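Worksheet for the structure shown next.
Any read-out appearing in this document is the output of simple, stated calculations on the displayed coordinates, not a laboratory observation. What you see is a predicted model, and the numbers here were worked out from it, not measured in a lab. Reconstructed Cβ throughout: ideal geometry from the backbone, glycine too, with neighbour counts over all protein chains shown.
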Amino acid sequence: LGQAVPRISRTEAGTLAPAFWAHRDGEEQPVMQFVRGGWDNLGDLPRPSLQKVEYWVRQGRLERRGYAQIDGAAGDEPAALLDHVEEVTLRFRDVEGKWREDWTPGQPDLMPRAVEMVVKRTGEPPVTLRFLVAPGPKEAPLDDQEASNAAA
């Protein structure tokens, strides 16, 4: 998360995905997805230095899945990070310093300032992890028309 970049991507179906998004929809979608920089290319492969990554909770595992290409590619095989995972909950610190239970920005390239992840594993107390997110763009000010629509 410290290497996250405000890069909007495309899904395998070609639809646009925000720079950072998270879901609580069970095992059908990743709990978090973003694009990160700093992907070393020691083998000098024909790929970018950016990488789209997802975190999933499936079948009692926390998994990380990477993509060789950012836009429209299929993901690689997921890597299991933890097993015996019952639940993962996320909170997001916004640009105003407030913690939010969901991340639904009005601007697709905005990213949270920090992510809190609480992992509950079978037979163990919950573990709380907090990650700083790389700085992203500033929230664009609303023009007069958008401000009046938002107030309505």
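Among MET32, MET117, MET111, the ranking by other beta carbons within 10 Å of each residue's beta carbon, starting with the fewest, stands as MET117, MET32, MET111. Of the residues GLN59, ALA79, SER49, the one whose Cα sits farthest toward the positive end of the charge dipole of the stretch 47-92, with +1 on the Cβ of Lys and Arg and -1 on the Cβ of Asp and Glu, is SER49. Restriction of the trypsin sites (Lys or Arg not before Pro) in the stretch 67-126 to DSSP coil positions whose beta-carbon has at most 11 other beta-carbons within 10 angstrom yields LYS98.
Please order THR89, THR104 by the number of other Cβ within 10 Å, starting at the fewest.
Placing the least packed residue first, the sequence is THR104, THR89.
Rounded to the nearest 20 debye, the dipole size of the stretch 4-137 about its Cα centre is 380 debye, using +1 on the Cβ of Lys and Arg and -1 on the Cβ of Asp and Glu.
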